[in-house]
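Comments concern the structure below.
All of the numbers you see were taken from the coordinates with simple rules; none came from a lab. Note that this is a predicted model, so its numbers are computed, not measured. Cβ placement follows ideal geometry from the backbone for every residue including glycine, while neighbour counts extend to all protein chains displayed.
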Amino acid sequence: MLLEIKGVSKKYYRPTKEASHFEAVKPCDLVVQSGRVTEIIGRSGSGKSTLLYMAAGLLTPNSGKVLLDKKDLYAMNDRDLSLLRNKNFGVIPQGQTGLFSLSVLENVKTPATLYADGDDYEKRALELLDQVGIRHLAGAKMNELSGGELRRMAIARALLLEPKIIFADEPTDDLDDENTKTVLSLIRSVADQGAAVLLVTHEAEAQKYADSIYRMDAGILAPVKE
């Protein structure tokens, strides 16, 4: 599966005396390929997360196209785009996300319940929780988890349906060194099994796991290693 970002940009309009808008991402091109980890590094506020969410079909760009196997994501209607995302994309968002009324296991299984296909997915959900080291918390609620445990729950949830493309926004935030390596190794293994990975991070350790590295600086994307 091939994801192509062509001339994509994002502006936020906020009339002030100095300027009428802020250009978070200047027009850029990027290709994310199956079997590879593509990493974007850069300081906070450089535009790297904005680019990731546009690539994931979650934030409409002001210009350019995002093509999944030549299909323009933003030319699709909302329902079709939602179906495509659920079937093909796994998103690990920045921050701590989860439905507080559900258990950890139920949260991990939510991608399967949105567009149910009849499968239970409980076995896979438990295997993923085991891989990220929190299977013993399967029955716990969100308010019982630490920040790092919430992060690992989100990673398991993103991988549940074996997505073809993983979008990971700072997936090792709140994690210690041991769990950082566990998560990065898991992301690397997912790519080695054929998935495409777009990884946004400031974690220096992550560069050891990446095939391609780009730097984002003031909204400008430039290659470091291709």
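Listed values, structure above:
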{"read-out": "C-alpha long axis of helix 78-88 to longest principal axis of the chain, angle in °", "value": "60 degrees"}
{"read-out": "Gain on full stretching of the segment that runs from LYS87 to ARG135 - 0.36 nm per residue minus C-alpha separation", "value": "14.8 nm"}
{"read-out": "Global geometry of segment 168-226, whether rounded, prolate or oblate, following the gyration tensor of its Cα atoms and the 1.5 cut on a/c", "value": "oblate"}
{"read-out": "Fully extended contour minus Cα-Cα distance, from GLU178 to THR60, at 0.36 nm per residue", "value": "38.9 nm"}
{"read-out": "Candidate aspartates and glutamates for bridging to LYS141, where Cα separation is under 13 Å - those fewer than 8 sequence places away on the same chain excluded", "value": "GLU106, GLU149"}
{"read-out": "Reachable aspartates and glutamates from LYS26, criterion Cα separation under 17 angstrom, eight or more residues apart if same chain", "value": "GLU4, ASP217"}
{"read-out": "Directionally averaged shadow of segment 25-70, computed from the convex hull of its alpha-carbon atoms, nm²", "value": "3.6 nm²"}
{"read-out": "Along the chain, longest interval not containing exposed trypsin sites (Lys or Arg not before Pro), exposed being DSSP loop plus at most 13 other Cβ atoms within 10 Å", "value": "71-226"}
{"read-out": "Calculated FRET efficiency for the pair ASP69/GLN193, C-beta based, R₀ 30 Å, to 0.05", "value": "0.95"}
{"read-out": "Global geometry of segment 1-133, whether rounded, prolate or oblate, following the gyration tensor of its Cα atoms and the 1.5 cut on a/c", "value": "prolate"}
{"read-out": "Rounded to 5, the percent of DSSP beta bridges in segment 123-226 classed as antiparallel", "value": "50 percent"}
{"read-out": "Net lengthening on full extension, GLN207/LYS26 (0.36 nm per residue, minus Cα-Cα)", "value": "62.8 nm"}
